There are 2 protein chains.
Amino acid sequence: MAVRNRLTGERTHVPSAVGRRSRVASGPHDRHHEIIDAALELFATIGYSGTTMAQIGDRLGMRGPSLYKHIASKQELLVEIVTGMMDELLRRQRAALAEGGDVRQRLSSIVAVHVQYHAEHRYEAFVGHREIDSLEEPHRSHILDLRREYESRFRELVQEGRGLDLFRTSSDRWSSYAILDMGIGVSAWYNPSGSVTPDELAATYAELALRMLGAERGD
Amino acid sequence: MAVRNRLTGERTHVPSAVGRRSRVASGPHDRHHEIIDAALELFATIGYSGTTMAQIGDRLGMRGPSLYKHIASKQELLVEIVTGMMDELLRRQRAALAEGGDVRQRLSSIVAVHVQYHAEHRYEAFVGHREIDSLEEPHRSHILDLRREYESRFRELVQEGRGLDLFRTSSDRWSSYAILDMGIGVSAWYNPSGSVTPDELAATYAELALRMLGAERGD
DNA sequence: GGGTGAGGCTAATACCCATTAGCCAATCGG
DNA sequence: CCGATTGGCTAATGGGTATTAGCCTCACCC
């Protein structure tokens, strides 16, 4: 019954019904980005190892193996997502610090940036934190290094503020962890169709953080 | 070449070298609990779907299939871990609230209990939060219900405090989320061989939470 | 002192999944 | 217009994994 090598009535493939654009103005049809986006949503909702290539393909109307015409591996998708997330977080943090101001203002800025990113890009952030262990070396170590760098900025600022007697808190270690974790938590529950915008939330959390540190009123 | 039914030189099994105890005083040798403990550590470090039955068996010096003499399925292990965690959290929270006191004291208590549990039982807590999506229905829904109940207590207390003008905070919703998330974060980084004990950390975080809420000094 | 049950073992079952191979149609640059 | 490239497809590959089946041995009880 095997119809091996028979070319007659085989069901064959009809490529994308919508016309393909040339690589000029390919922006909206960049398959690579589309795949990353689809993977991101799936990784966030059912986890990296819970997501199959076939599911990612489904989102784009294609089969799992076809993805390999555009990407190298499933792992590559995760690496791109996570490094993209850390790079962007660090970039924004650096920009915030570059604006200067006194310790309270700078701390408030990096908290705001932290929270805003975790709301705006909740999927990237969620995956970036949850799936670090799914990264193969050396990516895992690299990301952990970046994260340590990112986190140390919070601690440094808290220390600085304490040194200037602008913050009253028993431990800069625990309070900076608390601030970080409350921001990370946002990525787990933030709902973009809810009533609060990322920047409103960022402002609220910055205020909470300053109060938590017992910041002296700076006016 | 198949040696089917040949009984000659087959390698066979030598059961546990250490003498087995009778079921009297079996406490320290309860296989079921040993399995749960081994699974817990593995689930926490490499994730539920990343853990194989063979790995769990390894920890106890046995093969994967042998586990089924003591448990029903891998899923059962996760269910027991996660429901055990939520039950204990709720139990402790109820006990804390039962002690009464003014809003500040009660809020402080449930924060302390929350943090203490997340430090003392960081693996349970970590798995309990991270692997909820690995639970099959109806367990998943049940756990989510319990979690909603647990979380609502925080929000209710913040609201109550605001109503009495004891807390100054713009939103009881966001501030209770922040408090919850900073406690949950503890389970991701707490190191039991570090210098801070769970109850010290609990006290510190309770203080941070009250300050975050702008609690009026209650002395 | 033999039967029984508990608790190991290995082998087999019945999946699922990432990735590769190899085929083909349509598009596009010349 | 043609021939190479692009980007789909299906089928095959190679591996992993939870769970079940069936076997065996020891410890214990009578």
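The values are calculated or read from the model by the stated rules, or taken from the named source; none is laboratory data. These numbers were taken from a predicted model, which means no experiment stands behind them. Using ideal geometry, Cβ is built from the backbone for each residue, glycine included, and neighbour counts are taken over all protein chains shown. Keep in mind that these areas ignore ligands, DNA and RNA; they rest on the heavy atoms of the full protein, side chains included. Shrake-Rupley method; radii C 1.70, N 1.55, O 1.52, S 1.80 Å.
Structure above, values below:
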| item | result |
| --- | --- |
| Single unsatisfied condition, A:T51 versus (1) crowded, with 19+ Cβ neighbours inside 10 Å; (2) in a helix (DSSP H, G or I); (3) of a type in the set (S, T, Y); (4) not assigned by TED's automatic domain parsing to the domain that holds A:W189 | (2) |
| Boolean, A:T8 is open to solvent by 60 Å² or more (accessible area, probe 1.4 Å), more than 8 Å from DNA strand C (Cβ to nearest atom), within 14 Å of chain B (Cβ to nearest Cβ) and modelled with pLDDT under 95 | no |
| Residue count for segment A:42-61, restricted to those that are in contact with a helix residue (DSSP H, G or I) (Cβ under 9 Å, 6 or more places away or on another chain) and more than 14 Å from every other protein chain (Cβ to nearest Cβ) | 8 |
| Residue, nearest to the chain's Cα centre (by Cα), within segment B:186-203, restricted to residues that are free of Cβ contacts under 8 Å to residues at least 40 places away in the same chain and at the interface with chain A (Cβ under 8 Å from one of its Cβ atoms) | B:W189 |
| Count - residues of segment A:31-65 that are touching a residue at least 60 places away in the same chain (Cβ under 8 Å) and more than 13 Å from DNA strand C (Cβ to nearest atom) | 3 |
| Test for A:A125: is it within 14 Å of another protein chain (Cβ to nearest Cβ), over 15 Å from the mean Cα position of the chain (by Cα) and open to solvent by less than 50 Å² (accessible area, probe 1.4 Å) | no |
| Filtered residue count, segment B:66-75, keeping only those that are within 10 Å of DNA strand C (Cβ to nearest atom) and open to solvent by less than 20 Å² (accessible area, probe 1.4 Å) | 1 |
| Test: residue in segment A:140-156 that is touching a residue at least 60 places away in the same chain (Cβ under 8 Å) and within 11 Å of chain B (Cβ to nearest Cβ) | no |
| Residue in segment B:108-120 that is polar (S, T, N, Q), within 16 Å of DNA strand C (Cβ to nearest atom) and touching a helix residue (DSSP H, G or I) at 6+ places or on another chain (Cβ under 7 Å) present | no |
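Rundown of residues vs (1) small (G, A, S); (2) open to solvent by 10 Å² or more (accessible area, probe 1.4 Å), yes/no style:
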position	(1), (2)
B:R140	no, yes
B:G163	yes, yes
B:F167	no, no
B:S176	yes, no
B:D181	no, yes
